[in-house]
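Encoded as structure tokens, the structure appears first; notes follow it.
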Amino acid sequence: MKILYTEEEKFLRSKYRSMESRVRNNSYYSTVENEYENERDFIEYWIGKVDYKANPELDRIDRNYGYSKLNNQWLSKAQHKVKSSKERANGHATLFGQYGPKAISVQTSDVLRSQPR
């Protein structure tokens, strides 16, 4: 029997699988945890809370912590780009240049910590 998914469920499944792939296969994410129990837990939590038609990005509010219900938010691609640029400018990012990854570490801004979740 074939399972039929709504467009929103397909979107969330895709985002979950991308997140899982990053956590498992990208060395930058080697210390990042996925705190969702499974794909179904992720979908059930986010269904109806995301404007999936806008194709937003799943973002970790605080990059020092993993993917979790309390540390995730959805940003437009433009918002995500601005946030990532600000984090890099503050020195909290891994920058990928022509010679490979270069880790730079500082504290995450208190502004990001105070954002509603």
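The values are calculated or read from the model by the stated rules, or taken from the named source; none is laboratory data. Because the structure is predicted, anything quoted here is derived from the model rather than measured. Cβ: placed from backbone, ideal geometry, glycine included. Neighbour counts: every protein chain shown.
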Open item on the list: Looking for something closer than 24 Å to Asn90 by Cα and under 13 Å from the mean Cα position of the chain (by Cα) - is there at least one such residue anywhere in the range 3-17?
Closed with: no
Task: Residue count, the range 60-117 (criterion: of a type in the set (Gly, Ala, Ser) and at pLDDT below 50) - done: 7
Open item on the list: Which condition from (1) touching a Phe, Trp or Tyr at 6+ places or on another chain (Cβ under 6 Å); (2) outside any loop (DSSP other than H, G, I, E, B); (3) touching a residue at least 24 places away in the same chain (Cβ under 8 Å) is the one that Arg13 breaks?
Closed with: (1)
Task: the range 28-40, subset of a type outside the set (Val, Ile, Thr) and without any contact (Cβ under 8 Å) to a residue 12 or more places away in the chain, residue nearest to Lys69 (Cα to Cα) - done: Glu37
- [ ] Residue by residue through the range 41-63, note down the ones that are part of a loop (DSSP other than H, G, I, E, B) and over 12 Å from the mean Cα position of the chain (by Cα).
- [x] Ile47, Gly48, Lys49, Val50, Asp51, Asn55
Open item on the list: Restricting to the range 30-42, give me the number of residues that are surrounded by 11 or more Cβ atoms within 10 Å (Cβ to Cβ) and either among the acidic types (Asp, Glu) or within 21 Å of His80 (Cβ to Cβ) (or both).
Closed with: 8
